[in-house]
There are 2 protein chains.
Amino acid sequence: MERTSFAHMRCSLARGLELIGDWWSPLIIRDLFLGLSRFDELVEDLGISRNLLTRRLKSLAANGIVERTAYQQKPARYAYRLTEAGRDLVPAILALTAWGDRWARPREGSPILFVHTTCGHRFEPRVTCSACTEPVTAETVTAIAGPGGAARPGTKLVARRLHSPAPVAAIK
Amino acid sequence: MERTSFAHMRCSLARGLELIGDWWSPLIIRDLFLGLSRFDELVEDLGISRNLLTRRLKSLAANGIVERTAYQQKPARYAYRLTEAGRDLVPAILALTAWGDRWARPREGSPILFVHTTCGHRFEPRVTCSACTEPVTAETVTAIAGPGGAARPGTKLVARRLHSPAPVAAIK
DNA sequence: CGGATTGAGTTCAATGACGCAACTGAGTAG
DNA sequence: CTACTCAGTTGCGTCATTGAACTCAATCCG
């Protein structure tokens, strides 16, 4: 059986996972962000099998997350780089990395630290509210139905619940 | 061959993906966050096959991300809920959802909107710097080697590069 | 009292995805 | 002329995922 497609789900998380939700894609994107760019570099760094890397890169390129450009002819050599959509994904990957660092850190300590070049400090990625800039947590977020909601596989029950939410105080 | 394990990689992203990086886990966690809790609710909402959901829930429970508690005896009925680690993952999943909303939104519009209950506003999840609270982007983040770094599969080349970084101005 | 329904899974066959290793093919270095 | 690098492709075996059917205990319905 083919793996269930998330592409037609009316859910932005599922549709995002359809593009980058397999095992290796986040690591490939992280490596491209960290400066790797060539096929064999990725193979060596990650230990991914070559045929699988070929498939992943093709799919990421088809979905507009990486682009493949020849950086020399004769012999043809290619560099993979993040597109705008791929770079826009980096903060979300950093947030996931920070979670892994809190809950699955190697005994030896954090493998990678991040520096915010605009302020010059080491930092932890933090997910915050675009309205008040305070951190958001599971306890302080409520979901409500959006215009694209639909009760279909992926959000069959959830969509119904959001349309009859628990009493929500006036939303600004 | 078994899928390559990320568990021994010296990389917090890979180790996090080892716990929740499969196709369905993020959607399961999102559903639990949105208030679903029973086995059949998840099956109906997501359209996941029942045997696979069994495996996923067992693995998420074994990794401390969800917990399974009987909410009644005779007949035994179980509720799945997020643990602290699971709830801590929600902001990262929101960040990923926001990315999906920007780059893979259904034509009909956003399926789900989020409200920050502490400030009362609708908002977009934003990944920010814990030091200066400004948003972080791929362009304004530099990675440096942490104490747990190691040149092994997963970070074989990357770890070496981080130890000889491009000129980094004084880090505070 | 008997049949249908609910909740929570388990079992099964088929098929696709993944992992490894070996191979190709163009060009370059020694 | 041989070895090496880069960027894949090919082949083969094993594992994971899917959908559908099945189990089992208990309760609801008439």
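The table for this structure:
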item: Members of the stretch B:89-108 that are without any contact (Cβ under 8 Å) to a residue 24 or more places away in the chain and either under 13 Å from the mean Cα position of the chain (by Cα) or within 7 Å of chain A (Cβ to nearest Cβ) (or both); result: B:92, B:99, B:100, B:101, B:102, B:103, B:104, B:105, B:106, B:108
item: Options A:111, A:125, A:135; residue that is more than 7 Å from every other protein chain (Cβ to nearest Cβ) and either touching a strand residue (DSSP E or B) at 6+ places or on another chain (Cβ under 7 Å) or modelled with pLDDT under 95 (or both); result: A:135
item: Any hit, the stretch A:58-70, residues being within 14 Å of chain B (Cβ to nearest Cβ), of a type in the set (Gly, Ala, Ser), under 19 Å from residue B:11 (Cα atoms) and within 16 Å of DNA strand C (Cβ to nearest atom); result: no
item: Selected residue [closer than 28 Å to residue A:145 by Cβ, within 13 Å of DNA strand C (Cβ to nearest atom) and within 12 Å of chain A (Cβ to nearest Cβ)] from B:52, B:27, B:46; result: B:52
item: Qualifying helices (runs of 4 or more DSSP H) (wholly inside the stretch A:21-132; at least 1 residues being open to solvent by 20 Å² or more (accessible area, probe 1.4 Å), closer than 30 Å to residue B:114 by Cβ and not hydroxyl-bearing (Ser, Thr, Tyr)); result: A:25-33, A:50-62, A:84-103
item: Criterion: closer than 22 Å to residue A:142 by Cβ and either of a type in the set (Ser, Thr, Tyr) or without any contact (Cβ under 8 Å) to a residue 12 or more places away in the chain (or both) - qualifying residue of B:86, B:120; result: B:120
item: Subset of the stretch A:3-20 [touching an Asp or Glu at 6+ places or on another chain (Cβ under 6 Å), more than 7 Å from chain B (Cβ to nearest Cβ) and surrounded by 23 or more Cβ atoms within 10 Å (Cβ to Cβ)]; result: A:6
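The values are calculated or read from the model by the stated rules, or taken from the named source; none is laboratory data. Computed from a predicted structure; not experimentally measured. Virtual Cβ from ideal backbone geometry, glycine too; neighbours counted across all protein chains shown. For accessibility, only protein heavy atoms count, side chains too; no ligands or nucleic acids. Shrake-Rupley method; radii C 1.70, N 1.55, O 1.52, S 1.80 Å.
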